[in-house]
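Engineer: Quick one: the structure is below, questions incoming.
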């Protein structure tokens, strides 16, 4: 991942379109693979057993996932300015929208697992506090989600309204889901106050 970032930062202006897209796709593949590995309970169990025997540190799947997605997001946002000639070949906006939807959905899936656990506890009338590992994971994902919300807010007015129908269910779910920190709620509040609220008011008027 670090190599991809350094290659783009040092040689991005001289890269051809297919090479640039290869770097972008590589970052995305690293993020997707890390997410799958982090969510594979059998693999995690095997790694935990291996750690007990070897004293090796825990593989940083979550950090790698977050950093890869953030690098991909950052490059996608900068490409229209860095290499405007690529806009005829690559649909930057569509890639950005799909990435933002994926990041928000992963965060919601993480939070919904917590909610499901709480619901099952209620059925048995047990009061068990939410696991600290789940809270830490939500807190670790929060900066990427905040960056994603800012990227959505950075769309042009027409693009924001065009994709709002796709984003709104995810944004609405973020309001009520479990959070590991207050960062996401603050970013959401800013987005609804600055963008979504005025759009809804215009539609009513």
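Taken together, the values in this text are just the output of simple stated rules run on the coordinates, not laboratory data. Worth saying up front: this structure is predicted, and the values here are computed from it rather than measured.
Engineer: If you compute log10 I(q)/I(0) by the Debye sum over Cα atoms at q = 0.09, 0.11, 0.18 Å⁻¹ for the structure shown, which of (1) -0.55, -0.65, -1.21; (2) -0.43, -0.63, -1.30; (3) -0.62, -0.76, -1.22 do you land on?
Structural biologist: Computed from the coordinates, log10 I(q)/I(0) by the Debye sum over Cα atoms at q = 0.09, 0.11, 0.18 Å⁻¹ corresponds to (2).
Engineer: Cut-off 10 angstrom, C-alpha nodes, Gaussian network model of the chain. Which of 104, 53, 164 fluctuates the most?
Structural biologist: Taking springs between Cα atoms under 10 Å, the residue moving most is 53.
Engineer: What is the distance in Å between the Cα centroid of region 134-205 and that of region 12-58?
Structural biologist: One Cα centre to the other: 27 Å.
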